[in-house]
Structure formats: C-alpha cells, structure tokens
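One structure is given below, encoded as structure tokens.
The values are calculated or read from the model by the stated rules, or taken from the named source; none is laboratory data. As the structure is a prediction and not an experimental result, all values here were calculated from the model. Neighbour counts are summed over all protein chains in view; Cβ atoms, including those assigned to glycine, are modelled from backbone coordinates with ideal geometry.
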Amino acid sequence: MTTYARVIRAWTGEGWVDDAVVSIDDDHIAVVPTEPDEPVGRIDDTLLPPVTDAHVHIGLSDFATRGAGALARLLDLGWDPPALSAVVASSPSPAPEVRWAGTFLTAPGGYPSTRAWAPPGSVTPVATPEQAVAAVDAQRGLGAAVIKVTLNADAGPVLPDDVLRAVVDRAHEHGLVVVAHVEGAGQPMRAVEAGVDWFAHAPWTHRLSDAELDAMVGRVGWIGTLDIHGRGDYGDDYARALDNVSRFVARGGPVAYGTDLGNALTTADVNPREVAALRSAGVDGERLLAAVTGAGLLPRWSRTASLLPADVTGTADALDALAQARPVDAATLRAMVG
C-alpha cells in the first residue's frame, strides 16, 4: 500500500521543491513528480534523501548500543556477514538502514587478512578468476549491496589483473558496484583500468598526477574519509589526500561522504570534521548534499529518509542542520501523516 504526503520542502538531488509530494511504500520513500489520485496527507518538515555514511565498519563501533545518531543509512565496507547481521539486529530502535559489502575480497595473504582487527570470516582470499566469480556470487547470495576488494600493495600481495577483472566483471553482471581499497603506488590506476566503480578512500599515499586524475573522471568516484588522517590532528597524509580530492572535484569527479567508522572513531553520527574537510576540498553546496546522501554510490531514495526542521529553506540551511537530521523509515514516516 502506498501513502502520499506533502512535506514543506524536499531536496530531490536536482534541486529543491516546495510543497513536495512524497510516496511512502512499505520499504521505499521517494519524492514523486506528479500529483497522485489518492488522498494526500501532510508532514510539517523538510525532507532529504537518507543522510548516509558510505564507509563504516559497524563491528568496530558502538553501534549496537548507541545507534547511528543523525545518520539514516550506513554502508558497511567489510565484515563477517552473520556477525554484522547480529550487531544490526541488536541496535537500538529505530535502526537506520544498513547496506553492506560482506567480506573483503583480497589476494591470499593480502590486506587485511594479517590485521588483528579483521576477525575470522571477514576476509575471503581469491587466487584465480574462478574463485573470484564464486566469491562475488557468494556475497550476492548473502544480500550484499556492493562488492569490496582490497589493493594494498604496501601491506602484502594484491589481486592480479585477471582476478581483479573477474571480480569486477562478475559484480557488474549482477548489477553490483565494486568499491576498492587502493593503497600504494600504481594501485589507483590499476583499479580504474579494471573497471572499479568507487575508491573506499581518497588516495593519500602519493600525489596523483594530473593525467591520472583526468583518466579517472567519469570512470570512478571516491569516498572521501579525509578525517581518518589524524582525526583532527592532521599531517602529510591529510595534506596529500586533500590535495588529490581538491583537484579531482575541480575536474568534476564525484565524492561521497564516509568516515571509516571503526578506524579511531567508534560512534556513528555526522562527523563535522569530515564535512569541513570536504568543504575545504571544494565539495560544497548541492555537491555536498549529494555527497552526504550517497552521491550515486547508493540509490538516492531508499527505505529510509532524513527529516530536517521546517525552517530549513534551502541548501545552506540544510548543510548547517545536518547534525539535527532525524532518520525515519517508511513505517515511521507513514505514522506521521496527518
């Protein structure tokens, strides 16, 4: 059953609409462009697509006891699926939407299989194209929304070209986006040439050349995670990452908001330092609204959305009010319709 409601205003991804009509299905919320025949209720708030952290590791956070604050959607980029499901199920109600990649796909002995923080079941080693296909199929069968690969040449072996290409091709056959951790010289361009869709972090180990950036625009997006480089106490890694992001976005490259929750950050919420870092890199205005609502990495509209105060009248107000966002699922929003 679909319920329709008017909100004071909504940001659609293409701009602001006053007195917008929202459709509320059992598992989906979206702004609709035409007036429905059915009765239309009223919600006296401003609506955004779900405020989203596009890089988290819930198993390394206090999500089970603290929830997600102002976030309406999280993308977990690597964990043991059964363990992750148990954590999500124990989260305080109302829980945000959690999408996930499942296990890290990596070369045998590759990152993060040697890291103490990566528990058993969180890493799948793949050595051949056939194993790559099977690993992607397994993650999809468990409900993965994206596929995560790791290419960390500074921490061990990485997937060879034919295996990486097999992962990407199989994921794309299933309609799944591939997100890659790229670290070490040459790895960003290897990922791009293989058809990877998004980088899990803005590259930070070296300054990308202008030619590399030109080759990436239109082929790959980046999840920023700029604040990981010191969590406010920044140094050279932050400076390199910020420089790379600034030049990438100046060329039109898309950047999504992500914090790498679990990496020196345990509580899920909107991180003002990450927002400020994106602004410093030139991601602002409606580009920043796009970044904090998934930026094309995830569908714009989903089973959750974000409500802002009624006095939010446009982009600047919305960005200032992100910390006040109220995540709602379809059932909660339907119950608000007067």
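Looking at the structure I just gave you, is Ala185 under 27 Å from Asp236 (Cα atoms) and at pLDDT below 95? Lay out the reasoning, then the answer.
Details: under 27 Å from Asp236 (Cα atoms): yes; at pLDDT below 95: yes.
Considered against the rule, which asks whether it is under 27 Å from Asp236 (Cα atoms) and at pLDDT below 95, Ala185 comes out as yes.
Tell me yes or no: at least one residue of segment 227-245 is closer than 25 Å to Val31 by Cβ, out of contact with any strand residue (DSSP E or B) (no Cβ under 9 Å at 6 or more places or on another chain) and of a type outside the set (Phe, Trp, Tyr).
The initial filter retains those residues of segment 227-245 that are closer than 25 Å to Val31 by Cβ, namely none.
Within segment 227-245 (the criterion being closer than 25 Å to Val31 by Cβ, out of contact with any strand residue (DSSP E or B) (no Cβ under 9 Å at 6 or more places or on another chain) and of a type outside the set (Phe, Trp, Tyr)), the answer is no, since none of the residues qualifies.
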Which of the numbered conditions does Asp37 fail, given that it passes all the others? Conditions: (1) surrounded by fewer than 24 Cβ atoms within 10 Å (Cβ to Cβ); (2) of a type in the set (D, E, K, R); (3) modelled with pLDDT of 95 or more. (3)
Any idea which residue in segment 244-290 is nearest to Leu71 (Cα to Cα), counting only those that are surrounded by fewer than 17 Cβ atoms within 10 Å (Cβ to Cβ) and among the aliphatic types (A, V, I, L, M)? Ala276
Suppose we filter segment 60-88 for residues that are in contact with a strand residue (DSSP E or B) (Cβ under 8 Å, 6 or more places away or on another chain) and free of Cβ contacts under 8 Å to residues at least 40 places away in the same chain; how many remain? 3
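Checking the condition over 30 Å from Leu105 (Cα atoms) and in contact with a Lys or Arg (Cβ under 8 Å, 6 or more places away or on another chain), which residue from Val22, Val51 passes?
Val22
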Within segment 4-25, the count of residues that are in a loop (DSSP other than H, G, I, E, B) and closer than 16 Å to Pro299 by Cβ comes to 3
It is to be established whether one or more residues within segment 125-137 are assigned by TED's automatic domain parsing to the domain that holds Leu75, in contact with a strand residue (DSSP E or B) (Cβ under 8 Å, 6 or more places away or on another chain) and within 25 Å of Pro299 (Cα to Cα). yes
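Report, by residue number, each residue of segment 23-60 that is of a type outside the set (Asp, Glu), over 20 Å from Leu74 (Cα atoms) and in contact with a Leu (Cβ under 6 Å, 6 or more places away or on another chain). Steps first, please.
Of segment 23-60, the ones of a type outside the set (Asp, Glu) are 23-24, 28-34, 36, 39-43, 46-52, 54-60.
Imposing the further condition that a residue be over 20 Å from Leu74 (Cα atoms) reduces the set to 23-24, 31-34, 36, 39-43, 46.
Within segment 23-60, Ile24, Thr46 meet the criteria.
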With Ala277, Ala200, Ala239, Ala295 as the choices, which residue is touching a helix residue (DSSP H, G or I) at 6+ places or on another chain (Cβ under 7 Å) and of a type in the set (Gly, Ala, Ser)? Ala277
Residue by residue through segment 83-113, note down the ones that are surrounded by fewer than 15 Cβ atoms within 10 Å (Cβ to Cβ) and at pLDDT 95 or above. Pro108, Gly109
For segment 225-264, the count of residues that are touching a residue at least 40 places away in the same chain (Cβ under 8 Å), under 25 Å from Val98 (Cα atoms) and not aromatic (Phe, Trp, Tyr) equals 13
Does Val178 meet the test of being part of a strand (DSSP E or B), modelled with pLDDT of 95 or more and farther than 20 Å from Gly262 by Cα? yes
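Looking only at segment 143-164, filter to residues that are part of a helix (DSSP H, G or I) and in contact with a Pro (Cβ under 8 Å, 6 or more places away or on another chain); which one of those is surrounded by the most Cβ atoms within 10 Å (Cβ to Cβ)?
Looking only at segment 143-164, we keep the residues that are part of a helix (DSSP H, G or I), and these are 161-164.
Applying the additional criterion that residues be in contact with a Pro (Cβ under 8 Å, 6 or more places away or on another chain) yields 162-163.
Working: Asp162: 11, Val163: 23.
Among residues in segment 143-164 that are part of a helix (DSSP H, G or I) and in contact with a Pro (Cβ under 8 Å, 6 or more places away or on another chain), the one surrounded by the most Cβ atoms within 10 Å (Cβ to Cβ) is Val163.
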Taking segment 114-135 as the region of interest, how many residues are over 23 Å from Ala155 (Cβ atoms) and either touching a Ser or Thr at 6+ places or on another chain (Cβ under 6 Å) or surrounded by 18 or more Cβ atoms within 10 Å (Cβ to Cβ) (or both)? 1
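Looking only at helices (runs of 4 or more DSSP H) that lie completely in segment 245-338, which have at least 2 residues being of a type outside the set (S, T, N, Q) and in contact with a Leu (Cβ under 8 Å, 6 or more places away or on another chain)? If you could, list the steps in order and put the result at the bottom.
Numbers: elements: 272-280, 285-291, 315-320, 330-336.
Correct list: 272-280, 285-291, 315-320.
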Criterion first (assigned by TED's automatic domain parsing to the domain that holds Thr150 and surrounded by fewer than 23 Cβ atoms within 10 Å (Cβ to Cβ)) does Gly184 satisfy it? yes
Residues that are free of Cβ contacts under 8 Å to residues at least 40 places away in the same chain and either at positive phi or out of contact with any Asp or Glu (no Cβ under 7 Å at 6 or more places or on another chain) (or both), drawn from segment 171-187: Ala171, His172, Glu173, His174, Gly175, Ala180, Val182, Gly184, Ala185, Gly186, Gln187
